[in-house]
Amino acid sequence: MKAGHGTPHSHRSPTTITDRLLSAHHPVSMKRTVPKLGDGALGWYHRPGARFETYPELIQWTTQEVYKKSHVSKHAGENQWWQLFVHLGFVVVFYFMVVATIPIEQVASAKRGVDLFAHSVEFERPRGGMGSLDSVATVQESIEYSRKFLEALLTPQPLIRTPKGESELMFLEVNRLVNSLVLVQRRVDPTDCSYPAMRGMYRECYEDLDGHEATYGNHTLTNGFAIPYSERLQGFALEVPLNPRLALPAFDELREHGFWDAATREFTIRFAFHNSPGHYTANVNLKFIYSAYGRVTPTSESQFLRFRPYSKEVGGARLVLLQLVVVFALMYFLYDYGYSLAAQPHIRWSLARFLQPWQLLQLFNFMLALAAIYLWVKYMDDPARQHMDFTSPKFQDVMVLASDFNLIIFLFAVILMLWTVRLIDFFTSVGNEGLKRTSKIIETVISSLGPFVIIFFMIFIGFVLVGHVLFGVHEDRFNGFQASAKTLLVWFVSLSHGHRRTMGLPGGPVFMFLFILIAMVLLFNMFIAIVMASHDQVLESEEEGYTKQPPNHRLADQICDYLGVKRFVTDPFHLVPAAKSQVEPIGWENLVRIQIHLEASHAPPAEPIHDLPDSPSPTPKRGWLQRITSGSMMGPPGDPGQASLAGQVGGSSQSRWDRTRTS
């Protein structure tokens, strides 16, 4: 007779024991609803039509189903392609939102134009010959170049004229210069750093900006003109108009009366322009860094932003729509994240869910998204943006706004990248076995990289330090810890160049031999070996048919044990057979072993489980283990399985339990 019809006990076949156990508390449901797994019940549930011939199959199916329903899907047994496509669609929509926020292609063209213009300006070097931005080597040469740059920037372009014939201040013939120019200088205070024997010849020292920068007062020229320190511009700043007849004489006066001297450590020309076809504004900084040790480093920096991202001229309605879709999607993902934590059968599994690496990455994505939303609201409410006046002759606070806007775009890019990486997790819940296996291999590789990363980090840092010491004086690519690390990192993956030049430096042959042998051959092949071992590990786990307890579950158990949280008695990950290599038939002795395993745990004893569904009436006062040992569940008199079961429980089952407890 089938279970669940209220018939008397009949002869029990091992193939029906699973159904009796699984349906004891959770009758068959065609909807396959996820049951509430309590702390005092076995908590098994039934798959319609399931027949398990062996004990490992029972444990494997139970573990996989509970883990799948609690950690991957809220709809058991269904392919979760839709989750993958929902997150992929979010990535695509998020990308279009970023592109609608700032025109990346147009901005890239403008950035390239600014760099080419800065490098095309030539000046006459004091020692003869012509030079450009890359050839600036002294403070005097930086002054001469700056004079020529201002002249090229402010000189009227003959091709761009208004209908009245008046010249317009157009930069690169398409960008309108706005407001004014600002000349900013950062200085240091003099110190007494010389040896006593050198103080007669070297009375004052002018060191680097760190710890010695002057951040208040005035910089007084030889003609008595005082230039105050600006907190907003972070330096001694002088504003000059966009009129070449006024700006160039002012620059000459600064050069003549000692604006640049030994205390100067940084000089910057700042200006802004607006492009109406692209509806973006740019802040350009032409900077010269003067080292305390004689080196001059010229740089050209450009930052772009949009002051009116919601205006109809730039398609503001489209941006609003995309932002709303992104916000609602984030709200749904946040709800799904919280629900997945609250829906766990036990607080230990909730903590394990929280500690899962993919969930930690998702939480980090949420934090970045909240930070980006906050900065965006702050940017839109900034009074400097709201009161921006392009026609004003005074310098506007474009630099600070551009920095804030670029930080937002940077956060958008990081979210886009991490959310794309997050898609790997969703391949484990789709119906394609190949995709599942590939996703598991990637996860296994990532989880197995811990020891390798520690060894790689220690050895790599050693080569970075040695490279900086040996070649820092001769090669810019090794001049500093960060520069040396970046160089060796791209060398590790066989990119970049300069290997042959390094071989010609003192110590170069030995360094390159050891780096190629240890880093590029040994460590790189160790990484390949980890990938291959992870592939084999995934295949072996599929062949064995067991789901091991994940590391996040082990960590959650350790934390909960330390905090005194009650145990999850029905945790399937703790119901492991004594010998995994054995394939034992499911019989009453295995069910006895499960109950003994639960009752022998450190948790409070489990509540009694009532009669199996085929018994005529429930007996709430006695557990099924007690009734097995007392003979009440051994079937009617004359049951051929009664004697063998009694022998198993009374004799051989004890040795089986001893082996289980020992293992």
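Please go through the range 480-526 and give me each residue that is assigned to a loop (DSSP other than H, G, I, E, B), open to solvent by 50 Å² or more (accessible area, probe 1.4 Å) and either in contact with a Lys or Arg (Cβ under 9 Å, 6 or more places away or on another chain) or in contact (Cβ under 8 Å) with a residue 40 or more places away in the chain (or both), ordered by number.
Across the range 480-526, the qualifying residue is only Ser496.
Look at Phe288 and say whether it is in a loop (DSSP other than H, G, I, E, B), more than 17 Å from Ser180 (Cα to Cα) and of a type in the set (A, V, I, L, M, F, W, C).
Judged against the criteria, Phe288 is not a match.
Quick check on Ile227: is it among the hydrophobic types (A, V, I, L, M, F, W, C), assigned to a strand (DSSP E or B) and touching a Phe, Trp or Tyr at 6+ places or on another chain (Cβ under 8 Å)? The answer is yes for Ile227. Listed by first and then second residue, the pairs with beta-carbon distance under 7 Å, at least 6 apart or on different chains, first residue in the range 539-556 and modelled with pLDDT of 70 or more, second open to solvent by 80 Å² or more (accessible area, probe 1.4 Å), are Pro551/Ser447. When residues in the range 96-137 are screened for being touching a residue at least 12 places away in the same chain (Cβ under 8 Å), open to solvent by 40 Å² or more (accessible area, probe 1.4 Å) and in a helix (DSSP H, G or I), 6 of them pass. State all residues of the range 140-163 that are touching an Asp or Glu at 6+ places or on another chain (Cβ under 9 Å) and either modelled with pLDDT of 90 or more or not hydroxyl-bearing (Ser, Thr, Tyr) (or both); if no residue qualifies, say none. Those that are touching an Asp or Glu at 6+ places or on another chain (Cβ under 9 Å) and either modelled with pLDDT of 90 or more or not hydroxyl-bearing (Ser, Thr, Tyr) (or both): Glu144, Tyr145, Arg147, Lys148, Pro156, Gln157, Leu159, Ile160, Arg161. In the set Ala250, Ala292, Ala282, only one residue is open to solvent by less than 50 Å² (accessible area, probe 1.4 Å) and at pLDDT below 90; that residue is Ala292. Anything in the range 370-406 that is assigned to a helix (DSSP H, G or I), open to solvent by 20 Å² or more (accessible area, probe 1.4 Å) and aromatic (Phe, Trp, Tyr)? List them, or say none. Across the range 370-406, the qualifying residues are Tyr374, Trp376. For the range 436-479, the set of residues classified as within 16 Å of Ser541 (Cα to Cα) and either charged (D, E, K, R) or assigned to a helix (DSSP H, G or I) (or both) consists of Lys436, Arg437, Thr438, Ser439, Lys440, Ile441, Ile442, Glu443, Thr444, Val445, Ser447, listed by residue number. The residues in the range 407-434 that are over 16 Å from the mean Cα position of the chain (by Cα) and open to solvent by less than 60 Å² (accessible area, probe 1.4 Å) can be counted, and the count is 6. Listed by first and then second residue, the pairs linking a residue in the range 312-336 that is of a type outside the set (Phe, Trp, Tyr) to a residue that is open to solvent by 70 Å² or more (accessible area, probe 1.4 Å) and not in a helix (DSSP H, G or I), with Cβ atoms under 6 Å apart and 6 or more places separating them unless they lie on different chains, are Gly316/Tyr310.
The values are calculated or read from the model by the stated rules, or taken from the named source; none is laboratory data. Keep in mind that what you see is a predicted model, and the values were worked out from it rather than measured. Counting neighbours? That spans all protein chains shown, and the Cβs are built from the backbone with ideal geometry, glycine included. Surface areas here come from the heavy atoms of the whole protein model, side chains and all, with no ligands, DNA or RNA. Shrake-Rupley method; radii C 1.70, N 1.55, O 1.52, S 1.80 Å.
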